[in-house]
Amino acid sequence: MIKGLRGATTWSEDLNNLLPFYRDLLGLPIAIQIPGFVVLGKLGAATLALGTHSEVRGRNADPARHMVALETDDVDADWKRLSAAGVEFIENPTDSGQLRIATLKDVAAAQRSPRGERGGGAARDEPGASAADGLSGRRRQRGRDDGGGH
């Protein structure tokens, strides 16, 4: 029986096109690294894997097709930090139901959509790959948890 999500993988023509963005700029920790493949996050929880694939070439023609959500405790603070580091956002921090989101392009020019608590977010993807990242978390109102979200 399927019990939940274990992780997602984004393939690239060259892993090194993606890894610096996720590891160095977004700060995702490396859980496993072998030649041509890396797993980011904490083992036992949902992870993001990045890898070199022999059948992936060039930029993705449809960067909005695949989106990955990343968790943050402050979408606005991460938006400011990533913007200052040169990351381009397609959508600035915005309330979306019980989530606070922002959508960005990574260094590879692929869309990413961050979702998080009222005030948090960040995102990711490969050189023109089809993916967007997002952060998710509960939205807070007047300093109290409203009980919604993830």
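The values are calculated or read from the model by the stated rules, or taken from the named source; none is laboratory data. Predicted model only: the values in this text are computed from it and were never measured. FYI the Cβ positions are ideal-geometry reconstructions off the backbone, even for glycines, and counts take in every protein chain you see.
See the values below:
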| quantity | calculated |
| --- | --- |
| Every residue from segment 45-72 that is at pLDDT 90 or above and within 29 Å of residue 3 (Cα to Cα) | 45, 46, 47, 48, 49, 50, 51, 52, 53 |
| Selection count, segment 20-44, where residues are within 25 Å of residue 83 (Cα to Cα), assigned to a strand (DSSP E or B) and either at pLDDT below 95 or out of contact with any helix residue (DSSP H, G or I) (no Cβ under 8 Å at 6 or more places or on another chain) (or both) | 0 |
| Single residue of segment 29-40 satisfying the filter (buried (at least 17 other Cβ atoms within 10 Å of the Cβ) and under 17 Å from residue 11 (Cβ atoms)) that is farthest from the chain's Cα centre (by Cα) | 38 |
